[in-house]
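The structure under discussion appears below in the form of structure tokens.
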Amino acid sequence: MSDVRVRFAPSPTGALHIGGLRTALYNYLFARRHEGTMVLRIEDTDQARFVPGTEAYIKESLAWIGIRLDEGPDEGGPYGPYRQSERKPLYRQYALDLVEKGHAYYAFDTPEELQAMRDSLTAAGVTQPQYNSVTRTRMRNSLTLPPDEVNRLLESDVPHVIRLKVPRKEEIRLNDLIRGWVLVHSAQIDDKVLMKSDGMPTYHLANVVDDHLMKISHVIRGEEWLPSAPLHVLLYRYLGWEEAMPQFAHLPLLLKPDGNGKLSKRDADQMGFPIFPLDWTDPATGEKAMGFREAGYLPEALVNFLAFLGWNPGTEQELFTLDDLVGSFSLERINKAGARFDIQKAQWYNQQYLRRKSPEVLASYLLESLAGEGIDCPHEKAVAIAGLMQDRVTFPYEIWEQGKYFFRAPDTYDEKVAAKRWNEDAVRVIAAFSEALGNDNPADAAAIKATLEATASQQGVNPGKIMQALRLAVTGTAGGPDLMMIMEIIGTKEVQSRISNALKTLKVKAA
RNA sequence: GCUCCGUUCGUCUAGGGGUUAGGACACCAGAUUUUCAUUCUGGCAACACGGGUUCGAUUCCCGUACGGAGUACCA
């Protein structure tokens, strides 16, 4: 193990978004690439937004795409606990330390008072009304109140927060691994709340404290955090940890497939693709959302697709397994600009990986579909069908969807093909062919083909001329794998029955 | 509004002071397949704009436009 330690730190406020999954993936790839440690930390400091079940959902999602955790709530580890709610007692001392050093202060303002402050600033034409080095002098805090009044308030448990005392004029620099030097003036940063009145830390404090305590070496997170990164630098500095501060890498965002803005569940719903890795039912609303897994996406395809949304190896290789990615991944090759989410590319990856599965694995998908339909099927037959369908499908369930005729006689016929191909020659040859198949003789594709060719030539018709009509009679559709193989699999007796049915049902095209 | 970040084919991207600006997805066409799909071959298609710097800029710098994020006792 190297000293590379990264963490994925979601907050359990709902299903893990696909963008979050990519963040987790990049963290994981970086950790493995450098033989480092991958930590899962649950950032559940917001009790109001907590949604039960999400922690388990997150873990299952990570496991599904192959992310193995080294430390976390379940795995344990030397820096636990790994849920911030369980670390609650820990944070206050750091906030108090900051107060003592003069870098933070108590604030007793009520929500109403804060709102009044913002309103009056807005009315006075201030575009960015915030609690900062200027306005704090007019508020009720330990900077403005006499010390004994402050003590009295604290001792009588008056609700209060602890705020960071952001300096008035200071240039804050940070060297982001993806973006280079980022400069922000402290005047832009407000006096952020560090400890909430419910005794919980805010994200900023908890995050910095935990990253330090857990010896995180690289903070790899979404770009939405870039504006508050300078604040975090300030915290490291005032806590005396700047020397050991982790390196930052802010990832580009995932954008809507078309139009503007970042990818949302709404877009996904509208365009008919998932946005969550797994099926998810919102416990509050009961609203259900389909996951990539349930929609038929293979984890290796999703991983490959996600990895390439914002990163690429610099070669022309497109297909990368998780292990391949581990071997080539580097933060330097991550893009700066946001990436539009193109589901067609994801589908292409799915097709590629599906094609690389063994027929046995594909057969198990088919058997699963069949079980849902209440259809029994010998394993061997499923393997044969899967092999035939392998190059023709994008999703596992399509083996069943597109191959129903292996199990059920057609109840409708493609009208276009019927109109075009179901002619007198076809009817004559097909009827004769059915007869020539004999009584319940098992036959392989080659034998069936020979029978068909013999029958056709007897009737003086080129077999190619009637092939489509025969396919129509047997499958009801115009396309599909080799017809002889289909007939072998469904058996000659069934073929005869389907032909007889078609002869009765379909009308011969007028001459 | 303000701050920060960004901008190469429709999309994901490679590249980078002098290139026929490369690949992939999608799309179109041809070949193969008795069909459909696959596969193969080919095609369409991009450096946001304006100023600099330079012999030369898509590449470096500045501005503009456009896009994104942030601006909570949410993360």
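Is there a residue being near RNA strand B (Cβ under 9 Å from one of its atoms) and in a loop (DSSP other than H, G, I, E, B) anywhere in region A:227-245?
No.
Can you tell which of A:A339, A:A382, A:A432 is touching a Pro at 6+ places or on another chain (Cβ under 7 Å) and surrounded by 14 or more Cβ atoms within 10 Å (Cβ to Cβ)?
Going through A:A339, A:A382, A:A432 in turn, just one is touching a Pro at 6+ places or on another chain (Cβ under 7 Å) and surrounded by 14 or more Cβ atoms within 10 Å (Cβ to Cβ): A:A339.
Quick check, is A:D190 out of contact with any Pro (no Cβ under 7 Å at 6 or more places or on another chain), over 22 Å from A:N27 (Cβ atoms) and in a loop (DSSP other than H, G, I, E, B)?
It is true that A:D190 is out of contact with any Pro (no Cβ under 7 Å at 6 or more places or on another chain), over 22 Å from A:N27 (Cβ atoms) and in a loop (DSSP other than H, G, I, E, B).
For every residue, the table says whether it meets (1) away from RNA strand B (no atom under 12 Å from the Cβ); (2) part of a loop (DSSP other than H, G, I, E, B); (3) touching a residue at least 24 places away in the same chain (Cβ under 8 Å).
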{"position": "A:S85", "(1), (2), (3)": "no, no, yes"}
{"position": "A:V99", "(1), (2), (3)": "yes, no, yes"}
{"position": "A:Y106", "(1), (2), (3)": "no, no, yes"}
{"position": "A:D109", "(1), (2), (3)": "no, yes, yes"}
{"position": "A:T122", "(1), (2), (3)": "no, no, no"}
{"position": "A:P129", "(1), (2), (3)": "no, yes, no"}
{"position": "A:N132", "(1), (2), (3)": "no, yes, yes"}
{"position": "A:L145", "(1), (2), (3)": "yes, yes, yes"}
{"position": "A:P167", "(1), (2), (3)": "yes, yes, yes"}
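Would you mention how many residues in region A:459-493 are within 20 Å of A:A382 (Cα to Cα) and either of a type in the set (V, I, T) or free of Cβ contacts under 8 Å to residues at least 40 places away in the same chain (or both)?
9
Write out, first by first residue and then by second, each pair whose Cβ atoms fall under 7 Å of each other, whose residues are 6+ apart or on separate chains, and whose first residue, in region A:436-458, is without any contact (Cβ under 8 Å) to a residue 40 or more places away in the chain while the second is part of a helix (DSSP H, G or I) and hydroxyl-bearing (S, T, Y).
Going by the 7 Å Cβ cut-off, the qualifying pairs are A:A436/A:T451; A:A436/A:T455.
Under 6 Å between Cβ atoms, at least 6 apart or on separate chains: pull out the pairs that start in region A:375-404 with a residue that is on the phi < 0 side of the Ramachandran plot and end on any residue that is among the hydroxyl-bearing types (S, T, Y) and crowded, with 17+ Cβ neighbours inside 10 Å.
Here the result reads A:P396/A:Y365; A:Y397/A:S369; A:W400/A:S369, each pair linking region A:375-404 to a residue that is among the hydroxyl-bearing types (S, T, Y) and crowded, with 17+ Cβ neighbours inside 10 Å.
What is the one condition in (1) in contact with a Pro (Cβ under 9 Å, 6 or more places away or on another chain); (2) among the aliphatic types (A, V, I, L, M); (3) buried (at least 17 other Cβ atoms within 10 Å of the Cβ); (4) free of Cβ contacts under 8 Å to residues at least 40 places away in the same chain that A:L183 does not satisfy?
With respect to (1) in contact with a Pro (Cβ under 9 Å, 6 or more places away or on another chain); (2) among the aliphatic types (A, V, I, L, M); (3) buried (at least 17 other Cβ atoms within 10 Å of the Cβ); (4) free of Cβ contacts under 8 Å to residues at least 40 places away in the same chain, A:L183 is out only on (3).
From the list A:Y353, A:Y297, A:Y365, exactly one residue is assigned to a loop (DSSP other than H, G, I, E, B), of a type in the set (S, T, Y) and surrounded by 18 or more Cβ atoms within 10 Å (Cβ to Cβ). Which is it?
A:Y297
Values in this text are rule-based calculations from the coordinates and carry no lab data. Bear in mind the structure is a predicted one, so any value in this text is a computation, not a measurement. As a convention, Cβ positions derive from the backbone with ideal geometry for all residues, glycine included, and neighbour counts pool all protein chains shown.
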